[in-house]
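Have a look at the structure below, then the notes.
The values are calculated or read from the model by the stated rules, or taken from the named source; none is laboratory data. All values reported here derive from a predicted model rather than from experimental measurement. Cβ coordinates were reconstructed from backbone atoms using ideal geometry, including for glycine residues, and neighbour counts include every protein chain displayed. All accessible areas refer to the heavy atoms of the entire protein, side chains included, with ligands and DNA or RNA removed. Shrake-Rupley method; radii C 1.70, N 1.55, O 1.52, S 1.80 Å.
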Amino acid sequence: MPSVDRPRPYLSLWFSGAFLLIALLVWALLPAEQVMALVIEGGPIEMPSALLYFAAAIALWFMRRRSMPVALALALTVMFCAFGARELDLHKAWSGASVLKVSYYLRPMVPLQHKLVALAVLLPVIASGLYLLLRWAKPVWQGLRARHPVAVTVVVFFATMAVAKVVDRSQNVLLEDYGIAFTASQEALRASVEEFLELGLGVLAFLGLWQHRRLG
C-alpha cells in the first residue's frame, strides 16, 4: 500500500502509458489520412503540446515550494520554454536551418550575426541544462532509488522524450539506411505515437509540479 506522504510513485508511468494507448487507439480507429490531419505540424495535437510547456513555465512559480531553490526554478523555466519553442520548430524559424546543429555554425553562407544571435539564445538553455545535470542528476538518481514520485516522474519524462525522438527518426533512418519505406498506415502509426507521447510530456511536467507541491 502506498504511504500517505508518498502515494503512487509510478503514477507518471501510467500517464505515459495512457498517452501511448491513446495514440494506438487513434491509429486503429481512424483512417490514415485522418490520423495525419490530426497530428500534422501546427495541428490540434502539436499546438497544445507546446502550450503546455509554456504554461508549465508560468505555473512553476505559483506551484513551487520554498524548498525549491530559485536557481532550480529558473533553470526549469528556461528548459520548459526551450522545449515549447522546439515543439513549435522555432529553432528553424531564424534561417530555415536548425540552430541546434553544430553544422549550422560551420556554414559559411549563414551570416555571422545570425550565428551570434542563435548562440545568445541557446547559451541560457545550455547553461540551464548543465546546471540541472551537474547539480540535480545525483539527487534525482537517489530519489529514483527511494521511489520518490517527483524523481520517478523526471526519469519517465526524459525516457518518454527519448522514445518519442527514436520514433520520430525511425522512418527516415529505415528509408535512408535500409531502403525500407513506410506505408501510409505505418507512417500514420509513427506520427500518432510520436505526437501523443510529446503531448504527454507537457502533462508529465504538470504532474511533476503537482507532486513537488504536494510532497516536496
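Things to note:
- Percent RCO, i.e. relative contact order, over the chain, from Cα pairs under 8 Å lying at least 6 residues apart: 40 percent
- The fraction of all Cα pairs in segment 1-115 landing in successive 10 Å bins from 0 to the largest distance is 11, 24, 32, 23, 9, 1, 0, given as whole percents.
- Full extension of the segment from residue 90 to residue 33, taken as 0.36 nm per residue of separation minus the current Cα-Cα distance, would add 17.9 nm.
- Shape analysis of segment 149-216 based on the Cα gyration tensor places the equivalent ellipsoid semi-axes at 33, 11, 5 Å, largest first.
- Two-decimal ratio, the chain, of alpha-carbon radius of gyration to 2.2 N^0.38 Å: 1.12
- For segment 149-216, the relative contact order comes to 50 percent (Cα pairs under 8 Å, sequence separation of at least 6).
- Projected area, mean over directions - segment 81-146, Cα convex hull, nm²: 5.5 nm²
- Shown is the FRET efficiency for residue 40 and residue 126, computed with R0 = 25 Å from the Cβ-Cβ distance and rounded to the nearest 0.05: 0.25.
- Segment 68-146, relative contact order [Cα under 8 Å, separation at least 6], %: 36 percent
- Filtered GluC sites (Glu not before Pro), segment 1-82: DSSP coil and at most 14 other beta carbons within 10 Å: 41
- Within a straight-line Cα-Cα reach of under 23 Å, residue 165 can be paired with the following lysines, leaving aside sequence neighbours fewer than 8 residues apart in one chain: 92, 101.
- Residue-normalised accessible area of the chain, given per residue in Å² at a 1.4 Å probe: 59 Å²
- Residue-averaged [θ]222 nm for the chain, counting only DSSP H segments that reach four residues, each worth -39500 (n - 2.57): -26000 deg cm²/dmol
- Kyte-Doolittle mean at least -0.5 and Cα axial length at least 20 Å: DSSP H helices in the chain: 11-29, 46-63, 70-87, 112-145, 149-178, 184-215
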